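So the structure is just underneath, and the comments pick up after that.
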Amino acid sequence: MFKKHKEWWFWLLGVDAFAILINTQQINIPKLIGGMAAHLLGALVLAIIPWGCYKLFGKNTTSEQFMWAYSVGLSIMLASFLIMKFHE
C-alpha cells in the first residue's frame with residue numbers, strides 16, 4: 001500500500017503536517033508527530049468502515065478505493081480539527 005501510492009502518501013502527510021502547524025502556530029516536532037499519528041489512526045478507523053461493508057457483501061476493494069476512503073477519512077479529521085481551532 002505504501003510502495004504503490006508513494007506520492008499519495010506524501011501529499012496526505014504533507015497536508016496533515018500543514019494543518020497541525022496552522023493549528024499550533026509553532027514548530028514542535030513531538031506535537032507534530034503525535035498529532036499526525038492521531039489523525040492517521042482516526043482516518044484509518046474511518047476508512048475501515050467502507051472496507052468492512054465491502055467484505056460483508058463478499059467483495060474486495062482495490063488499493064485505490066482504500067486510498068480514496070482513507071483520504072476522505074483524513075479530510076474529515078482535518079476539517080473537524082481546523083473548525084474546532086477557529087471556533088474556540
field: Check: the chain dipole with +1 on Lys, Arg Cβ and -1 on Asp, Glu Cβ, in debye
entry: 260
query: Once the Cα gyration tensor of the chain is found, what semi-axes does its equivalent ellipsoid get, as square roots of 5 times the eigenvalues, in whole Å, sorted largest first?
result: 27, 15, 9
task: Can you tell me the relative contact order of the chain? Whole percent, Cα pairs under 8 Å, sequence separation 6 or more.
output: 33
- request: For every helix of n ≥ 4 consecutive DSSP H residues, a contribution of -39,500 (n - 2.57) applies; sum these over the chain, divide by its total residues, and give [θ] at 222 nm rounded to the nearest 500 deg cm²/dmol.
  value: -28500 deg cm²/dmol
message: Can you return the lysines within cross-link range of residue 85? Criterion is Cα-Cα under 16 Å, with same-chain partners fewer than 8 residues away left out.
response: 31
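Computed from the coordinates by the stated procedures, all read-outs in this text should not be read as laboratory data. As the structure is a computational prediction, the values presented were derived from the model and not from experiment. With ideal geometry, Cβ positions are generated from the backbone for all residues, glycine too; neighbour counts draw on all protein chains shown.
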